[in-house]
1. Relative contact order of the range B:147-233: what whole-number percent is it, with Cα pairs under 8 angstrom and at least 6 residues apart?
2. Using a probe radius of 1.4 Å on heavy atoms only, what accessible surface per residue do you get for the range A:47-274? Whole Å² is fine.
3. Round to the nearest 0.05 the FRET efficiency obtained for A:E320 and B:N321 when R0 = 60 Å and r is the Cβ-Cβ distance.
4. Which distance in nm do the two modelled labels at A:A7 and A:V203 give, with both placed 7 Å along the Cα-to-Cβ direction?
5. Take the alpha-carbon centre of the range B:222-288, take the same for the range B:1-57, and report the distance between them in whole Å.
6. Every other copy gets compared here: list the nm distances from the A:E151 label point (7 Å along Cα to Cβ) to its counterparts, shortest first, one decimal.
7. Within the accessible area of the protein assembly as shown, what % is carbon and sulfur when the probe is 1.4 Å and the other protein chains stay in place?
8. For B:K168, go through the lysines and keep the ones whose alpha-carbon is under 25 Å away, minus same-chain ones fewer than eight residues off.
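The values are calculated or read from the model by the stated rules, or taken from the named source; none is laboratory data. Predicted model only: the values in this text are computed from it and were never measured. Cβ coordinates were reconstructed from backbone atoms using ideal geometry, including for glycine residues, and neighbour counts include every protein chain displayed. What goes into the accessible areas is simple: the full protein's heavy atoms, side chains included, and nothing from ligands, DNA or RNA. Shrake-Rupley method; radii C 1.70, N 1.55, O 1.52, S 1.80 Å.
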2 protein chains.
Amino acid sequence: MAHGLNAEDARITAGVLISADRRGIGSHGVARLKRYVDGIKSGVIRLDPKVKTIKETPVSLVIDGDGGMGQPIAYRAMQKCIKKARLSYMCLATIRNSNHFGIAGYYVLMALAQGMIGITLTNATPLVVPTFARNATIGTNPIAIGFPAKEERPFLLDMATSTVPRGKLEVYARRGEPIPDCWACDQDGKPSTDAAALLEEIVVRRRGGLLPLGGGSELTGGHKGYGLSAVVDILCGVLSAGMVGTEVARQPDAPAGVSHFLGVINPAAFLGEESLSNEIDDYIRMLRNAEKAQGQERIYIAGEKEFIAEEKNRKFVPIENNVFQTLNLIGSEKGLSITEYKTGKDV
Amino acid sequence: MAHGLNAEDARITAGVLISADRRGIGSHGVARLKRYVDGIKSGVIRLDPKVKTIKETPVSLVIDGDGGMGQPIAYRAMQKCIKKARLSYMCLATIRNSNHFGIAGYYVLMALAQGMIGITLTNATPLVVPTFARNATIGTNPIAIGFPAKEERPFLLDMATSTVPRGKLEVYARRGEPIPDCWACDQDGKPSTDAAALLEEIVVRRRGGLLPLGGGSELTGGHKGYGLSAVVDILCGVLSAGMVGTEVARQPDAPAGVSHFLGVINPAAFLGEESLSNEIDDYIRMLRNAEKAQGQERIYIAGEKEFIAEEKNRKFVPIENNVFQTLNLIGSEKGLSITEYKTGKDV
């Protein structure tokens, strides 16, 4: 707000960021605020975008975000999808000219809160190398899909279509540890285990990149992760006639042109909310009760770890010390400071 | 037909099987006929099912297949979905109590032929081990999704959510070669590279199983393949209140209870068929023209290898000699023989 974002957009954006930290996904939490502030300062993120619905049917939307903050664009589009799904059983929305919108799962949670099935996809900066290519061409393009349960926590899959995000390489580079060879490839397109050298290639020289889910060869299924990433790109950026692949967020001083895809399905289209949530409970229990592998005590359901973190962090949301410092720095520029916090291991 | 299947169902089923062989997917082609004939003989596959639409809205269907052949059930459901998507922009169908339906991609091709986006999912016999479990609990549950192009071949991703199908282990076991450790795990849930020993475990003792896309650990993304397989199970079998997980096709003498999910999206819901197919052409070219990895000459688009095979096999469809023998054996039981064929390497 101090930088000119209106109160409602700021509230929505803060909600999405804090939800990520609360759910234990610090990489997509308030740590992103610095980038957003930089984007606003440089004019790459527009404070007063003219968000337009280009096309609308009873079950679909095409939206142009006009370069605004990603969170308010996606949040309002999801609200519209939920409303339309209540009237017409389902709604799919494809969105162009947006920006980074935080965790994809947030918008799925909005649908789940209404007892509906939610889907959220987004494309992203090209960081991933297609099978048999050598350079980053497509994004880590996440798929998030969730189903409401009754007594159990919802089923909520929220996964990048790369094996890992870039942040994982950074963790291993700092530790000086080798990475699995299904994470990233070098300038020749060859998988490598040297995180520090790979990061130098990817970040500084813009060669090589992350590998799709399944790794760098067809033998290990890498073409499947590559295919899924492309499907996400198509549903987000091709369907909306927006930006895709190497066009997305490529220059720091030009509009990012991120594209999203949202879907809401009303269980009334099938056998109803009561039937669905009961059946999801049973399904979750079937998975949880499967016999455990040697040395394992628990089988997790998609989203379960994040829901547990959320329950634990209801009052206080942990952030790393360097993120805290950055937040204070951003605030101090505008004479603001953080008023309530605890420090230490017990938080 | 000689076993009592009506002419139309037989024609549909043969069409789906031959399409698989023509597209180079022999594992799902006429080689499956033996199992279907066995299923018909034992009564597990019903010849005259009362296929019922349990619930219908302008954009959705819930269908009960009553234990009939999978192909005619899915084929007719896809026809209905296309018809409804023409009127109402999209249609999603969830189907219970069906049987093996061949390649998922076939039904997507039906939508593509009408200029529409197609989605086909199915659950299957439990062969895949969830992350941190030790036994097969969910199926290889494939995801097929396709987008129509204009001058290019369509984009058609058709992938099992396991790293590989069981047939790949059989190939390596015959050759006595080690397999990558992301393919399958033993009775303790530990990944192994011994294909012959793993097959003995999985097939004879029904322990261990195939690993999800991403392999046997969270480090390599196995929880993502597991999550995707569960999503397919939910959309097919939970939404339809049909069979899921360990319930599917578990006993050879009981109804298989396979569940499917079909979706058709009319591009008119977004920016129209003309815009979509043009944009898909551009997208395919962007991927194809990316710089190749060292030693690679070509970047493939999802479905491209299968479309190339289909074009090559327009007149004659190659099958392996042992499959040919089995077909003749099935025919000879009923006094039938194959009339037109070629043999030899040049075919």
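1. Working: 138 pairs, mean separation 22.8, N = 87.
Relative contact order, the range B:147-233: 26 percent.
2. Details: 7470 Å² over 228 residues.
Per residue, the range A:47-274 has 33 Å² of solvent-accessible surface.
3. Here the calculated transfer efficiency is 0.45.
4. Output for this residue pair reads 3.9 nm.
5. 20 Å
6. 6.1
7. Of all accessible area on the protein assembly as shown, carbon and sulfur atoms account for 50 percent.
8. Candidates past the 8-residue exclusion: A:K190, A:K224, B:K34, B:K190, B:K224, B:K305, B:K312, B:K345.
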